[in-house]
Amino acid sequence: MQDAKGQVVFTIIAVIIVLLFLGILFLVMLFYYNNKKGQMSKEKQLMRATFDKQLLESKLEIQEQTFEMISQEIHDNVGQILSLAKVQLGIMEQKQSVETVSSVKESISLAMTELRDIAKSLSSSRVQQVSLPESIGQEIRRSRVIDAIAAANNRVAEPGDGVTEPE
């Protein structure tokens, strides 16, 4: 009987040890799973942030290229047409009324100047060469010429920033 009791106690102890081992193994695996899940989540967030950054950079690059192409088109095509019109008006000026042709010639010259300014402002290389305060000042002056927008620059000029007075 003692032997049977000893075997029952041994079996109970063995079952308890196996169950404890399985419980601890389950907890270790659960801890490992949660750590991996957290790592994967962090990696996914990092990949998403990297993707969003690359997407934004691509959009900005495409926008910059578009502005560059528009600037080049304005400078090349429209500028050539206006120059041709100016030359043709010069020829007409010799043959007809000087006042009328002269006023049209001045209008075309003004249009060419404005067109060049717009083309320069769209060029990314020009934007990189000019400081921000100077660029803002140029845009305010351009909008004042058009009289379409009322704008002011209330920033106090600092030495060496290219702006001589607040506008």
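The values are calculated or read from the model by the stated rules, or taken from the named source; none is laboratory data. Quick caveat, the model's predicted, so the values are computed rather than measured. Neighbour counts run over all protein chains shown; Cβ positions are idealised from the backbone, glycine included.
Figures for the structure shown
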item: Elements of type helices (runs of 4 or more DSSP H) contained in the stretch 68-155, each with 3 or more residues being surrounded by 14 or more Cβ atoms within 10 Å (Cβ to Cβ) and at pLDDT 70 or above; result: 79-95, 98-122, 132-146
item: Condition check for Glu64: free of Cβ contacts under 8 Å to residues at least 24 places away in the same chain and either within 21 Å of the chain's Cα centre (by Cα) or part of a helix (DSSP H, G or I) (or both); result: no
item: Residue list for the stretch 46-83, restricted to those being closer than 21 Å to Met112 by Cα and among the hydroxyl-bearing types (Ser, Thr, Tyr); result: Ser71, Ser83
item: Filter pass, Glu43 being within 14 Å of the chain's Cα centre (by Cα), acidic (Asp, Glu), in a helix (DSSP H, G or I) and surrounded by 10 or more Cβ atoms within 10 Å (Cβ to Cβ); result: no
